[in-house]
Amino acid sequence: MYYKKIKLEDGTTRDRHVLIMEQYLGRSLEPDEIVHHIDETKQNDDIENLELCLRSVHSRYHMKGRPNPNKGKIFTTHGTSAMYQHGCRCDECRLYKSIENAKRKR
């Protein structure tokens, strides 16, 4: 099974789940960010099933022989410690982390 593609006006195609996440965030993805399907179903592009994470974190999800510890869990509360530690780097989670770092420096 493959990701659903969207044909853009310029003739190029993009993965639908990436476009949905970029629209949700209001920005393009950074080079080190990837959109992960929480339930690992490539055709389920509901925003509740998508999470933004770093490529390095995402690769750990799919290491051969290791189950995804988050399969079946929905992470929708951005701006929390759990989301940031989980690998989310959306604007809300980055802001949370910067505030936490500032508190620790005091």
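The string of couplings for segment 25-40 from the Karplus curve (6.51, -1.76, 1.60, θ = phi - 60°) is 7, x, 7, 7, 6, 6, x, 8, 9, 9, 9, 9, 8, 4, 8, 6 Hz, one whole number per residue in order, with x for Gly and Pro. Highest average first, the peptides 95-105, 10-20 ordered by how many other beta carbon atoms sit within 10 Å of their residues are 10-20, 95-105.
For segment 7-22, 3J(HN,Hα) computed residue by residue from phi via the Karplus equation (6.51, -1.76, 1.60; θ = phi - 60°) reads 8, 8, 4, 7, x, 7, 10, 9, 5, 4, 5, 5, 4, 5, 5, 4 Hz, glycine and proline entered as x.
Read-outs throughout are calculated quantities, based only on the coordinates presented, and are distinct from any laboratory measurement. If you're wondering where the values come from, they're calculated on a predicted model, not measured in any experiment. Heads up, the Cβs are rebuilt from the backbone with ideal geometry, glycines too, and the neighbour counts pull from every protein chain shown.
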